[in-house]
Structures are given as C-alpha cells and as structure tokens.
Amino acid sequence: MNLRRVLSIIVAVLLVAALGWLHYELLTEAYGGGPPHYGQTTNMDKWSNPWPGLLKVDAIGAVLLFALLRWGIFPKSHR
C-alpha cells in the first residue's frame, strides 16, 4: 500500500468517528439522558428537532468521504 492510500483510509476513519461522535452529542443533548425523551419534555417551548441539521452534516460528510476515498484508493493513474 502506498502512502496516499494509507493516509486517505486513516482520514476517512477519523471522519466517520467524528461524525459518529457528533451524532451522539447532538442526540443526547436533544433527547436528554434521563427518562424517555426527558430533554424534549422539560423545555418543550425551546426544543427543536435535531434531525434536519444532522442530515445536512451527514450529506456533507458523505460527499467528503466519497471524494477522499476516490482520491486515495483510486488515483487517476489506475482509471
């Protein structure tokens, strides 16, 4: 394996880990860590659905991940 491929795989794994951590933090903040939907019911007037924001972040992350893996694993010389 060449250095370009190894670096792209390492960065891709770090990107997936960062997106997973972001999901965990935002969903825990939105829904709370207590009884079911605790964060949702305590301040219902201030609560907002986290999914639209997460889907936007996921779309950007998926595009970056695809571009990164395409750049690293399938360089132009092998096409």
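For region 52-79, the set of residues classified as over 14 Å from Leu19 (Cβ atoms) and at pLDDT 70 or above consists of Pro52, Ala67, Leu69, Arg70, Trp71, Gly72, Ile73, listed by residue number. Thr42 satisfies every condition listed in (1) of a type outside the set (Phe, Trp, Tyr); (2) at pLDDT below 80; (3) within 22 Å of the chain's Cα centre (by Cα); (4) surrounded by 10 or more Cβ atoms within 10 Å (Cβ to Cβ) except (3).
The values are calculated or read from the model by the stated rules, or taken from the named source; none is laboratory data. Because the structure is a prediction, the values reported are computed rather than measured. Note that each Cβ is placed from the backbone with ideal geometry, even for glycine, and that neighbours are counted across all protein chains shown.
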